[in-house]
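Chemist: Quick one: this structure, given as structure tokens, is what I'll be asking you about.
The values are calculated or read from the model by the stated rules, or taken from the named source; none is laboratory data. Here the structure is a predicted model, which is why all the values come from computation and not from measurement. Neighbour counts run over all protein chains shown; Cβ positions are idealised from the backbone, glycine included. For the accessible areas, the whole protein counts, side chains as well, though only heavy atoms, and no ligand, DNA or RNA atoms are used. Shrake-Rupley method; radii C 1.70, N 1.55, O 1.52, S 1.80 Å.
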Amino acid sequence: MIIIEVLLCIAALGVSVALRPWRMLRGPLGAPWVASWVLLSLLWVLPQNLPAGISIQLSGACLLVLMFGWPLAVIELMLIALAVWLFGQLGWAAVLSQLVWIGLVPATLALALGEVLRRALPPHPFIYVLGRAFIGTALCLFLAGVAYEFAHHLIDGVAMEQALVARWLMAWGDAFITGMLVSIFVAFIPEWLATWSDRRYLGSGGT
């Protein structure tokens with residue numbers, strides 16, 4: 001499984017670097033990209049400092065895709081994982097697993113879901129906020145969690161039903177945060193959303 005996770009990371013990073021997304025950081029996305037990297041690095045390390053038996057792991061991957069696009073999100077997730085490895089107590093294999101299953105996989109699913117919604121549904125702000133940011137985040141993280149449980153064969157000995165319920169509930173935590181922040185950004189600072197377009201969703205002459 002470690003080999004598969006390494007190959008997924010290499011493939012994702014290779015595609016992202018080939019697209020040279022860092023050019024977008026020269027505009028209004030530069031400051032929020034750096035800020036989100038610092039904040040999510042802290043949130044990814046946080047579960048290691050919680051009392052024993054408490055495990056609350058936020059992802060933020062779907063939010064990163066909505067804000068910066070998939071290529072920049074992948075690069076940021078790599079940097080977040082590096083920070084977790086440097087400043088946390090987990091070994092590299094555990095951090096790699098974190099990167100893949102709560103980072104790269106839900107981010108890629110969010111990219112695919114966005115494409116499906118663009119093709120299948122009309123360009124309406126409600127569909128963007130509810131479909132991509134809220135319900136879409138919950139769905140992508142839950143599916144990534146299910147994939148993790150099957151890939152690792154429930155090595156912690158937790159019953160499948162309990163594991164899936166936990167994944168579902170944790171996915172909604174991310175969904176509420178992502179939906180709330182995206183709603184605020186759409187209303188007040190849409191330039192922080194690389195996947196948002198005034199022309200598409202509002203029919204105006206904006207970008």
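Chemist: Among the residues of the range 186-199, are any open to solvent by 50 Å² or more (accessible area, probe 1.4 Å), within 26 Å of Val45 (Cα to Cα) and modelled with pLDDT of 95 or more? Spell out the reasoning first.
Modeler: Applying the first criterion (open to solvent by 50 Å² or more (accessible area, probe 1.4 Å)) to the range 186-199 yields 187-188, 191-192, 199.
Applying the additional criterion that residues be within 26 Å of Val45 (Cα to Cα) yields 192.
Still in the running and modelled with pLDDT of 95 or more: 192.
Scanning the range 186-199 turns up at least one residue that is open to solvent by 50 Å² or more (accessible area, probe 1.4 Å), within 26 Å of Val45 (Cα to Cα) and modelled with pLDDT of 95 or more.
Chemist: Right, here's the next one. Quickly run through the range 109-132 and pick out the residues that are open to solvent by 30 Å² or more (accessible area, probe 1.4 Å) and not aliphatic (A, V, I, L, M).
Modeler: Glu115, Arg118, Arg119, Pro122, Pro123, His124, Pro125, Phe126
Chemist: Determine which single condition Ser59 fails, assuming it passes every other condition in (1) in a loop (DSSP other than H, G, I, E, B); (2) of a type outside the set (A, V, I, L, M, F, W, C); (3) modelled with pLDDT of 90 or more; (4) over 21 Å from Ala171 (Cβ atoms).
Modeler: (4)
Chemist: Going through the range 26-56 one residue at a time, which ones are modelled with pLDDT under 90 and either assigned to a helix (DSSP H, G or I) or under 13 Å from Ile102 (Cβ atoms) (or both)?
Modeler: Hits for the range 26-56 are Leu46, Pro47, Gln48, Asn49, Ser55, Ile56.
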